[in-house]
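This report concerns only the one structure given below.
Any read-out appearing in this document is the output of simple, stated calculations on the displayed coordinates, not a laboratory observation. Here the structure is a predicted model, which is why all the values come from computation and not from measurement. For neighbour counting, all protein chains shown are included, and Cβ atoms are generated from backbone atoms with ideal geometry for every residue, glycine included.
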Amino acid sequence: MLLFIEPNNFGKIHAQISFGSGVSVMMKYKGYVARVELDEDAGIFHGEVLHVRDVITFQGETPAELKKAFRESVDDYLAFCESRGEKPEKPFSGQFVTRISKELHQQIDLAAKLAGKSLNAWVEQQLQTALFASPKPAKRKASR
């Protein structure tokens, strides 16, 4: 299960997705997103910032410690980059490239034009719809 928690409000869950029996928590700070997992044996939460090549990790024994450690790790990373005169890596640019068939590309372009939207606006809307659509419960077979 995946929980996305707003760092300013540790009880606010944004999304919940099942991944087998484990639980992961997603946190966000200054545009950086981290996945947090519980190490039951060690009794600590440990996390890693996602979508950057640099390794940014943190840990804490309580949610408050975890939140503080996450923020400190991101701030340390930003300060480290500044001290070296480097631009910190940003997780996402807002652009991605995908390869599709010519036929699908043509169909998508036509659908966008019929909707009165640019191709980018239409694709963005479709992705949002697909991402936030509530999953339909599985149909049960009638028992006899």
Give me the one-decimal nm value for the distance between modelled label points at Q107 and L119, 7 Å along each residue's Cα-to-Cβ direction. 1.6 nm
Taking neighbour Cβ counts within 10 Å as the exposure measure, how do R53, R35 sort from fewest upward? R53, R35
